[in-house]
Amino acid sequence: IRGGAAVNVLARQCGAHVLIVDMGIKMDIEPYDNLLVKKIAHGTGNIAREPAMSRKQAEEAILIGEEIITAEIKKGVDIFATGEMGIGNTTPSAAIAMLLTKKPAEQIVGRGTGISDLGLKNKINAIKKAVLVNKPDPEDGLDILSKIGGFEIAGLTGAILAAAAYRKPIVIDGFISTAAAMVAVVIAPVVREFLIASHISTETGHSIMLDWLGLNPLIDLGLRLGEGSGAVLCFPIIEAACKIIKEMATFDEAGVSKKSQNG
């Protein structure tokens with residue numbers, strides 16, 4: 001909010017706008033001009049024991065993401081990056097990845113912000129329990145979000161769906177953003193055509209998730225920051241690609257002979 005995070009710095013560098021949305025943090029904070037308060041509830045349920053949210057709340061979160069993207073498109077925005085900040089949200093993201101990729105939890109679950117060996121074991125057990133207790137339907141995106149998702153994941157899912165509906169590219173950040181992209185693809189498979197994978201996270205399982213989506217990351221720099229920083233970092237690469245397509249001369253335009261083209 002104050003403009004001092006990594007994503008703020010990178011956004012200023014490439015002329016991007018950072019939009020901050022409260023989807024459901026556990027406390028109420030004072031209003032800020034650059035904060036959209038779209039709080040659905042004060043946090044989600046414990047997925048190891050119960051659904052994260054109701055189906056209605058999942059729908060509400062998706063529609064909030066759609067509403068925000070639609071408003072930005074009307075302002076002229078033509079490319080989006082997904083990012084998030086949350087506590088413990090690699091857990092629901094890993095549960096989503098395990099469900100959809102059908103890979104064992106041990107191949108998906110990572111240490112997040114750096115938990116101990118015991119913490120990692122407990123996390124793996126909690127994720128297995130979440131899927132077992134809630135029994136989400138892997139072919140129903142709303143069911144996935146409501147049972148093992150999070151408000152931020154659902155909001156990002158809605159944002160991705162909306163951007164794709166308007167045929168705008170969406171640059172996916174790390175582990176949590178990729179989980180949201182996976183759910184969006186479950187809901188509307190055509191979304192895949194509008195996704196750009198920015199980087200491959202150090203979080204275990206991220207490469208498996210990208211493979212499931214059929215995406216190749218643009219960079220591999222060992223990033224683990226979140227915030228959408230990896231996605232914004234790739235904006236200059238994507239802009240350069242567009243300029244190459246639009247402005248670079250073809251061999252014919254440059255007067256390169258057929259003989260030269262053939263070496």
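Scanning the stretch 96-126 for residues that are in contact with a helix residue (DSSP H, G or I) (Cβ under 8 Å, 6 or more places away or on another chain), in a helix (DSSP H, G or I) and open to solvent by 70 Å² or more (accessible area, probe 1.4 Å) yields GLU106, GLN107.
Screening LEU195 with (1) touching a strand residue (DSSP E or B) at 6+ places or on another chain (Cβ under 9 Å); (2) surrounded by fewer than 22 Cβ atoms within 10 Å (Cβ to Cβ); (3) farther than 23 Å from GLY114 by Cβ gives one miss only, at (2).
Of all residues in the stretch 127-175, which are within 18 Å of GLY228 (Cα to Cα) and either assigned to a loop (DSSP other than H, G, I, E, B) or in contact with a strand residue (DSSP E or B) (Cβ under 6 Å, 6 or more places away or on another chain) (or both)? Selection gives GLY150, ILE160, ALA163, LYS168, PRO169, ILE170, VAL171, ILE172, ASP173, GLY174.
Candidates in the stretch 214-236 are the residues that are in contact with a Ser or Thr (Cβ under 9 Å, 6 or more places away or on another chain) and free of Cβ contacts under 8 Å to residues at least 40 places away in the same chain; of these, the one that is surrounded by the fewest Cβ atoms within 10 Å (Cβ to Cβ) is GLY222. Of the residues contained in the stretch 91-101, one or more are found to be closer than 18 Å to ILE160 by Cα and of a type in the set (Gly, Ala, Ser). Select, from LEU161, LEU118, LEU145, LEU156, the only residue that is of a type in the set (A, V, I, L, M) and without any contact (Cβ under 8 Å) to a residue 24 or more places away in the chain. Every option except LEU118 fails the conditions. Here ALA240 passes the criteria (1) touching a Gly at 6+ places or on another chain (Cβ under 7 Å); (2) surrounded by fewer than 15 Cβ atoms within 10 Å (Cβ to Cβ); (3) not β-branched (Val, Ile, Thr) except the one numbered (1).
Among the residues of the stretch 6-23, those that are within 24 Å of ALA154 (Cα to Cα), part of a loop (DSSP other than H, G, I, E, B) and open to solvent by 30 Å² or more (accessible area, probe 1.4 Å) comprise ALA16, HIS17, VAL18, LEU19.
The values are calculated or read from the model by the stated rules, or taken from the named source; none is laboratory data. Being a predicted model, the structure only gives us computed values, none of them experimental. When we count neighbours, we look across all protein chains shown, and the Cβ atoms used for this are built from the backbone with ideal geometry, even at glycine. Note: accessible area is taken over every heavy atom of the protein model, side chains too, but ligands, DNA and RNA are not part of it. Shrake-Rupley method; radii C 1.70, N 1.55, O 1.52, S 1.80 Å.
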